[in-house]
Amino acid sequence: MKQKKVLSYLTQSQLKPIVDSYLKKQKACSIIDAFDKLRDIRDIYLRTGDIDDLRYLLALCLRCRHGRRMPWTATKRAVDELLNANILNKSFSNFEQLYAEIKGLLGNIPFVCGDLTLYDTAVNIGQLLTPIVKPKDFVYLAAGAREGAGYILGKQNVSSIMPTNAFAVLLPGVSNIDIENLLCIYKELFKKFAEGKTLTSQEIEDAYNPHCFFPSPKDIYISRLNNCNII
């Protein structure tokens, strides 16, 4: 049986229903909600000056998205590195500088050194800086996001860091951070399109993965940081 040819890229008309659905759902529960909660915890630390409030905040920056399964020994080592670097009091001209700093600090720590964890950590910390530092000129693609981009643009055209404007036509109205998020969430739908299949509106609606953020209490995090070598 002759194998069906796989398309090398998708079209704006194919992607529009997915983009529209994503933007609509983001209004109810977006990644910005997680950033707001991190800033609330930062503000508590600024009021109290309690080092454990800061340790809690940095641990959340490492674990609140894809890093939730990170071993606590690795979390503690990374938190200590970020504390010693006084990361929240540094200034960066752009996200690329911040990402390079985070990679330099954490890039040798097992379970932290992956591209996705480094990106998430840099994004989270960037939201705590004044002024906020966030991805602008480049989209960082790892794991699911890179897979999704491959179905849209053709795998041969995708690299780990790509200009944001590479997605401007196909994903209009989607911010840099949301491009990475969208590419990951809908990768299986993009795959179906690339295989020449069609999607129902229900498939598109059901694919969304909300980023509602309900952090574990501070005392749980501090206990695990303090006892990670024995539990």
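A count restricted to region 149-174 and to residues that are among the hydrophobic types (A, V, I, L, M, F, W, C) and under 23 Å from residue 102 (Cβ atoms) stands at 4.
Selection of helices (runs of 4 or more DSSP H) fully inside region 177-231 by the criterion of at least 1 residues being among the aromatic types (Phe, Trp, Tyr) returns 187-194, 218-226. In the set (1) over 17 Å from the mean Cα position of the chain (by Cα); (2) buried (at least 19 other Cβ atoms within 10 Å of the Cβ); (3) modelled with pLDDT under 95, the condition left unmet by residue 225 is number (3). Residues that are among the aliphatic types (A, V, I, L, M) and closer than 16 Å to residue 187 by Cα were ranked within region 153-173; the one that is surrounded by the most Cβ atoms within 10 Å (Cβ to Cβ) is 171. For region 52-83, the candidate set comprises residues that are small (Gly, Ala, Ser) and at pLDDT 95 or above; within that set, the residue that is nearest to the chain's Cα centre (by Cα) is 59.
From the list 222, 185, 177, the lone residue that is assigned by TED's automatic domain parsing to the domain that holds residue 119 and either touching a helix residue (DSSP H, G or I) at 6+ places or on another chain (Cβ under 9 Å) or hydroxyl-bearing (Ser, Thr, Tyr) (or both) is 222. Restricting attention to region 7-51, which residues are modelled with pLDDT of 95 or more and of a type in the set (S, T, N, Q)? If the condition is that a residue be modelled with pLDDT of 95 or more and of a type in the set (S, T, N, Q), then 48 is the only one that fits.
For region 190-223, residues that are of a type outside the set (Gly, Ala, Ser) and either touching a strand residue (DSSP E or B) at 6+ places or on another chain (Cβ under 8 Å) or touching a residue at least 24 places away in the same chain (Cβ under 8 Å) (or both) total 17. Every test in (1) of a type outside the set (S, T, N, Q); (2) free of Cβ contacts under 8 Å to residues at least 60 places away in the same chain; (3) not in a loop (DSSP other than H, G, I, E, B) is passed by residue 135 save one, and that test is (3). For residue 146, the conditions (1) of a type outside the set (S, T, N, Q); (2) part of a loop (DSSP other than H, G, I, E, B); (3) within 18 Å of residue 99 (Cβ to Cβ) are fulfilled apart from (2). Selection of region 166-208 for residues being over 22 Å from residue 140 (Cβ atoms) and β-branched (Val, Ile, Thr) yields 198, 200, 204.
What do you reckon, is residue 139 crowded, with 18+ Cβ neighbours inside 10 Å, in contact with a helix residue (DSSP H, G or I) (Cβ under 7 Å, 6 or more places away or on another chain), within 16 Å of residue 58 (Cβ to Cβ) and not charged (D, E, K, R)? It is false that residue 139 is crowded, with 18+ Cβ neighbours inside 10 Å, in contact with a helix residue (DSSP H, G or I) (Cβ under 7 Å, 6 or more places away or on another chain), within 16 Å of residue 58 (Cβ to Cβ) and not charged (D, E, K, R).
Entry remark, region 174-199: residues being acidic (Asp, Glu) and either touching a Gly at 6+ places or on another chain (Cβ under 7 Å) or surrounded by fewer than 18 Cβ atoms within 10 Å (Cβ to Cβ) (or both) number 2 in total.
The values are calculated or read from the model by the stated rules, or taken from the named source; none is laboratory data. Just so it is clear, the model here is predicted, and its values are computed rather than measured. FYI the Cβ positions are ideal-geometry reconstructions off the backbone, even for glycines, and counts take in every protein chain you see.
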